[in-house]
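Step one of this worksheet: look at the structure below.
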Amino acid sequence: MFFASVKLALFILFLLAAASIIGTILPQGEVPGVYSQFYSTTLGLSHNSAQILTKITFQLDLDTMYASWWFRSLILLLSLNLIICTIERLPDVWRLVILDNLDSSLDRIINMRNRRTYTTTLAVKESCEAISAKLKSRGWQTSARDRDGDTLLFAQKAPWSRLGVYVVHTSILMIFVGALIGSIWGQKGSVNIPETLTTDKIYQFGSGAPIDLGFTVKCNWFHLSQYPNGAPKEYESELVIIENGQEILKKTIEVNGPLSYKGWTFYQSSYESHQKFIISVANIGTMTEERFLAPPQQPVRWQTENLLFGIQDLVPTSIPGTYKYKLLIADSKGAQSLYLLDDNQQMTISLADGSKYTFHIKEFYSTGLQVSKDPGVWIVYIGCILMLIGLSVAFFVFHKRIWILVRRENDTTQIFLAGTTNKNKAGFDTEFNALSDTVADINQIEVQ
Amino acid sequence: MDSILLLSLSTFGYLAASGAYLAAFLFKSKKVGLAGTILTALTLLTQTGSLGLRWYESYQIGAGHAPLTNMYESLVFFSWAIASFYLLLEYKFKNKNLGAFAMPFAFIAMAFASSGWVDQNINPLIPALQSNWLIAHVVTCFIGYAAFAVACGIAVMYLIKNNSPKSTGLLSTLPELKVIDDIIHKSMVYGFLWLSAGIITGAIWANSAWGTYWSWDPKETWSLITWFFYAAILHARFTRGWHGSRIAWLAIGGFLSVVFTYYGVNYLLSGLHSYGGQ
């Protein structure tokens, strides 16, 4: 049947490989101008050909080729091929897995490629026991049956390994199903949350349409750390999930360390600077505290404390892009004083009027989050694990079978050993030879 | 830096080993072949030590990370994996002539790493690269690439033996065609398993960093193209019995796809993976 043929599978695999190349060369998801530019400038074609090719690009969806109808059809065709191949072959393979090998045709056994004959003066029963013990020491568990007066012993290893290849095929289908579920019910978007503020919406990639989360996310703070050369070392945000006014969950996320809640996952992806600073001030005596948002060189007033202060200047440090702050404070009597504060470090300051405050200054950021909901991802992951297990079994575990026919002839016992495997014949030859030497090791035996 | 010096030394170690294996093959000398094995093993040890040293040095300069994060380090690990995989083959198939065809790849990778075209500095990692999945991704991919490189070398060996008049004196020390064919196949099977693991660990890493396990960026797509290609080769062999020169040519073609995925994409196409080219 056409759909079950390996020829078709080979054809689709080569076709998928070849077709996939297009999207790695041709820019994806761009506007028509980019494509005519690509064809005329990058590929050096004439204006007319560039226009025609641009038209074809959009007619065949080459600008979004991995989501196009024809690429998806190829994947669907591969899936059908996999399913039908499996349905057609699995029953036969399953029969081999559960096969009653003690019922095998003696003619077939006698004519196997790997075989050896011995004679012994031991009786049939003793021979069988001696051989079974020897085989057991090598990990082969024998069973026995009387066959027309002779005794047939059989042992096998890993009959289930024949299923490995079907585990791989199933895993590929699972990955496709997981990806399909993700593309139907998944959502991807992003949101910027300024420090201390909240959001209950994110904005869809591409369209920018708002999507309701069904709960609220707050960014308590964002922190950017840098290497001595100024390169970014880590972005971190403390996020709080709030539902019905209750704090449900609090977690500090970083790049490669997201937060998940109710199917949504929040990834730290970027940040935005606003050229403003958060000044947190606390009166040590009265334990009152307040936060102020201040651009540089603009004084802010804490009315209830009758305090006026502001960042007079930013002093660059040795790390590019980081600052210390010159903080100018006027106390309740108007006496001015100047302090140098490190970034993100608290400083205790005693003023001339006798009051005592702690000051803390950091830059005001918005955290940039990528947000996604992908109900298919676990199916994809299980598919991936199954694929690795299936490949290991399909490649490195073999179904090995051995038969021993024990027959009394006149005054001696004839022992006939044969074996076969489904893969790695060369490796099995070596193993079979070692095994037949083990059998030759029993008492009073002669190798023929 | 000390580790870079030691690693440059291993370039010469692999050159000497390749030379010894080639001489052993051409002059049918068992002693020279043994020298090749000893040189390979010693260089591999030196390289292992210098990778450890480079790891230590990265902590000294405050950039602490495993030495598996840029083009230079991946090339070093690639040659390390080729030498390891080759020694395994030599041990299993007891034929030192394989070295004449496999070990030059370890030398070429190291020579390219040390050539000055590649930045050899230890750089601190940007946030996206700070993940254990990155380590798993690089290790699995490059073990796979190494196996494919060796398969390609042995395929060349097959084609030379196959296209020469029978029982030429020189080629008699090479394994039988049937055995060479088996080595090519086994190397590709091994590489395919590791490439699969490499693509999977990369996808998991991307998902933990960006929330998307697959985004069809050129590097990802090319790794998948390579995967499709080898999948097709393995099916052709398993179910249609392809073997011999046909498989040997495909093993060479597959490795070209690997080289493009590894190197070509960084320079000819643009995408997410740009840091792999630094």
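The values are calculated or read from the model by the stated rules, or taken from the named source; none is laboratory data. Model, not experiment: these values are computed from the prediction. Note that we place each Cβ from the backbone using ideal geometry, even for glycine, and neighbour counts take in every protein chain shown. For the accessible areas, the whole protein counts, side chains as well, though only heavy atoms, and no ligand, DNA or RNA atoms are used. Shrake-Rupley method; radii C 1.70, N 1.55, O 1.52, S 1.80 Å.
In the stretch A:408-438, what count of residues is obtained for those that are at pLDDT 90 or above and either among the acidic types (Asp, Glu) or surrounded by 19 or more Cβ atoms within 10 Å (Cβ to Cβ) (or both)?
15
Just a yes or no: is a residue in the stretch A:185-194 open to solvent by less than 60 Å² (accessible area, probe 1.4 Å), under 27 Å from A:Thr317 (Cα atoms) and not small (Gly, Ala, Ser)?
Yes, that holds for at least one residue.
Residue by residue through the stretch B:227-246, note down the ones that are within 8 Å of chain A (Cβ to nearest Cβ) and among the β-branched types (Val, Ile, Thr).
B:Thr239
Tell me yes or no: at least one residue of the stretch A:151-160 is over 14 Å from A:Leu435 (Cβ atoms), in contact with a strand residue (DSSP E or B) (Cβ under 9 Å, 6 or more places away or on another chain) and of a type in the set (Lys, Arg).
no
Between B:Phe238, B:Phe229, B:Phe192, B:Phe260, which is open to solvent by 30 Å² or more (accessible area, probe 1.4 Å), closer than 30 Å to B:Lys94 by Cβ and either in contact (Cβ under 8 Å) with a residue 12 or more places away in the chain or part of a helix (DSSP H, G or I) (or both)? Can you show your working first?
Working: B:Phe229 fails: closer than 30 Å to B:Lys94 by Cβ; B:Phe192 fails: open to solvent by 30 Å² or more (accessible area, probe 1.4 Å); B:Phe260 fails: closer than 30 Å to B:Lys94 by Cβ.
The unique qualifying residue is B:Phe238.
Of the numbered conditions (1) of a type in the set (A, V, I, L, M, F, W, C); (2) farther than 23 Å from B:Lys94 by Cβ; (3) at the interface with another protein chain (Cβ under 8 Å from one of its Cβ atoms), B:Ala206 fails exactly one; give the number of that condition.
So B:Ala206 meets the others, but not (3).
Given the options B:Gln130, B:Gln60, B:Gln120, name the one that is more than 30 Å from B:Ala155 (Cα to Cα) and without any contact (Cβ under 8 Å) to a residue 40 or more places away in the chain.
Result of the check over B:Gln130, B:Gln60, B:Gln120: B:Gln60.
What single numbered condition from (1) open to solvent by less than 10 Å² (accessible area, probe 1.4 Å); (2) at pLDDT 90 or above fails to hold for B:Val265?
(2)
Go over the candidates A:Asp411, A:Asp437, A:Asp441 one by one and state the one that is free of Cβ contacts under 8 Å to residues at least 60 places away in the same chain and farther than 21 Å from B:Val179 by Cβ.
Going through A:Asp411, A:Asp437, A:Asp441 in turn, the sole match is A:Asp437.
Return the total of residues in the stretch B:222-260 being of a type in the set (S, T, N, Q) and closer than 12 Å to B:Ile184 by Cα.
Going through the stretch B:222-260 one residue at a time, the tally reaches 1.
Which of the residues belonging to the stretch A:289-308 are open to solvent by less than 60 Å² (accessible area, probe 1.4 Å), assigned to a strand (DSSP E or B) and closer than 30 Å to A:Ile253 by Cα?
The answer is A:Phe292, A:Ala294.
Go through the stretch A:332-359 residue by residue and tally those that are free of Cβ contacts under 8 Å to residues at least 40 places away in the same chain, more than 14 Å from A:Ile311 (Cβ to Cβ) and not polar (S, T, N, Q).
Residues in the stretch A:332-359 being free of Cβ contacts under 8 Å to residues at least 40 places away in the same chain, more than 14 Å from A:Ile311 (Cβ to Cβ) and not polar (S, T, N, Q): 8 in total.
Please go through the stretch A:359-405 and give me each residue that is closer than 20 Å to A:Lys262 by Cβ, open to solvent by 30 Å² or more (accessible area, probe 1.4 Å) and of a type in the set (A, V, I, L, M, F, W, C), ordered by number.
Selection gives A:Trp378, A:Ile379.
Which condition breaks for A:Lys201 when tested against (1) open to solvent by 50 Å² or more (accessible area, probe 1.4 Å); (2) away from every other protein chain (no Cβ under 14 Å); (3) farther than 15 Å from A:Tyr261 by Cα?
So the condition that A:Lys201 fails would be (3).
Being in contact with a Lys or Arg (Cβ under 7 Å, 6 or more places away or on another chain) and open to solvent by less than 20 Å² (accessible area, probe 1.4 Å) is the requirement here; does B:Tyr21 meet it?
Working: in contact with a Lys or Arg (Cβ under 7 Å, 6 or more places away or on another chain): yes; open to solvent by less than 20 Å² (accessible area, probe 1.4 Å): yes.
Yes: the conditions hold for B:Tyr21.
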